[in-house]
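Before any comments, here is the structure.
The values are calculated or read from the model by the stated rules, or taken from the named source; none is laboratory data. Note that the coordinates shown come from a computational prediction; the quantities given were computed from them, not determined experimentally. FYI the Cβ positions are ideal-geometry reconstructions off the backbone, even for glycines, and counts take in every protein chain you see. Keep in mind that these areas ignore ligands, DNA and RNA; they rest on the heavy atoms of the full protein, side chains included. Shrake-Rupley method; radii C 1.70, N 1.55, O 1.52, S 1.80 Å.
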Amino acid sequence: MQIYKVGGAVRDRLLGRPVTDIDWVVVGATTEEMLAKGFRPVGADFPVFLHPKSGEEYALARTERKSGRGYGGFTFHASPEVTLEEDLIRRDLTINAMAEDDQQNLTDPYHGQRDLEARLLRHVSPAFAEDPLRVLRVARFAARYAGLGFTVAPETLALMRQLSESGELEALTAERSWKEIARALMEDQPQMFIQVLRECGALKVLMPEVDALFGVPQPEAHHPEIDTGVHTLSVLEQAAQHKQPLTVRWACLLHDLGKGLTPEEEWPRHIAHEQKGLKLIKAVNERFKAPKDCQELALLVGEYHTHGHRALELKPSTLLELLQSFDVYRRPQRFEEFIAACEMDARGRKGLEQRSYPQADYLRGAATTARSVAVQPLLEKGFKGPELGEAIKRERLKALKAYKEKA
Ligand code: CTP
């Protein structure tokens, strides 16, 4: 049997990027031979094994034939006769379809190295269409490598468009899609992920609520970029530049969905878009089964981001309600993430990227103030049950009034 390093490990070494995990392909071996060498099978019908020591993935060279719709519809053909070239041709991108032996000799039948130099994300063959998840993968690679100058080859974008229009994307499971979305949002330029999905028509299928924001105007005084879709991309860009966590990036992407529902005659104003957007945010959250912390923050940011921007003008009672909604007493981190998302929203506007955001410190100070109200003296005064709750609230309100006057 011959063993080759394949995929991302080869690509990233040639790009001079750190290699995190290594995938191997094994040519000329049978399942029985792999098991005899102590490799552990990953799944019953899947010709992939884990190395007994390193735990790295070793896949038998295989060809794939599509037998049905979606990811379930695969049959695998792995046999010792399948050649390296036959295995590589069914992979997604030319830059992912290179192999390397233990002497670092490169096998590159589909010109991955040439495309690396040309900075092109190009599909290897029509077999690309066998797995619709690849539409998301290409967009994710665009988000990762945009800084190096990579773009999607026009013929690949055309194929992605065909796949998007064919209805194939709808067969993707929430779990597979979310994994790609989450990884893509954490790349250096997550806005490229959304942009590429939009260019190939996949955004309309996956997140029509986000797609609908393009072409929707906002008041120029607050939004020099005007377009709500363009604004959303900028907010995401800011979130990446400020190294925000996934929760914040997800909330940034969804914060303005309500603006897509405004009747045209009300444009460019978007009255109550925060409330109107909640059902859309919920739908997107559930469609991809986003983790609970992402879902929660997206809904809270959707509902309260305008409160964040108006923090310094809020009445102490409104400020208190905001703090209560976030349960800042038990969930301080979540409130920090809300503040971060608001700040990214404020900076994700044309020409305003460097603006200061005094609301952030003001909100932090308010949370600290409310939190510092001591419960013990109220207990000592004999307050109990709901009355205690009311008394704490009154004290917090008093503290916030003083805080606002001093600010
Ligand atoms: N691959 C593919 N189609 C997919 C998934 C994977 O063709 N839907 C192939 C590609 O050749 C890819 C390799 O399998 O390079 C390994 O896949 P994976 O580990 O998912 O991705 P990497 O390319 O290693 O990229 P990353 O750095 O994002 O892990």
Cα-Cα longer than 31 Å, checked against K243/K289; K243/K282; K243/K276; K259/K401; K279/K315; K179/K243, kept in input order, equals K259/K401
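Per the helix-only calculation at 222 nm, which mean residue ellipticity applies to the chain, given -39500 (n - 2.57) for every DSSP H run of n ≥ 4 and division by its residues, nearest 500 deg cm²/dmol?
Numbers: 19 runs with 206 residues, N = 407.
Dividing the helical sum by the residues of the chain leaves -15500 deg cm²/dmol.
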Computed over the chain: longest principal axis from alpha-carbon atoms vs helix 174-185 long axis, angle to nearest 10 degrees, is 70
Computed curve, segment 227-274, Cα-only Debye sum without solvent term, log₁₀ I(q)/I(0) at 0.13, 0.30, 0.32 Å⁻¹, is -0.34, -1.06, -1.14
By accessible area (1.4 Å), largest first, S234, S54 order as S54, S234
Using alpha-carbon coordinates alone, the radius of gyration and Dmax of segment 111-369 in Å work out to 19.0, 64
SASA check, R17, accessible area w/ 1.4 Å probe, all protein chains in place, rounded to nearest 10 Å², comes out at 80
Quick shape summary for segment 266-315, equivalent ellipsoid via Cα gyration tensor, semi-axes whole Å in descending order, reads 23, 15, 6
Probe 1.4 Å, all chains present, heavy atoms only: R349 accessible area in Å², nearest 10, is 20
Segment 17-38 and segment 196-240 have their Cα centres apart by a whole-number Å value of 43
For the chain the mean separation of alpha carbon contacts under 8 Å (6+ apart) over residue count, i.e. relative contact order in percent, is 10
Between L121 and residues 5 or more places away or on another chain, the pairs with built amide H atoms under 5 Å apart involve T151, V152, A153
With label points set 7 Å from each Cα along the Cα-to-Cβ direction at M1 and E56, the distance between them in nm comes to 1.4
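If you place +1 on the Cβ of every Lys and Arg and -1 on the Cβ of every Asp and Glu, how big does the dipole about the Cα centre of the chain come out, in debye to the nearest 20?
Computed about the Cα centre, the dipole is about 1620 debye.
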Of every hundred units of 1.4 Å-probe accessible area on the chain, the number belonging to carbon and sulfur atoms, as a percent, is 51
Rounded to the nearest 0.05, FRET efficiency between A272 and Q104 (Cβ-Cβ, R0 51 Å) equals 0.25
Where a ≥ b ≥ c are root eigenvalues of the Cα gyration tensor, a/c under 1.5 meaning rounded, otherwise prolate if a/b exceeds b/c and oblate otherwise, segment 253-356 counts as rounded
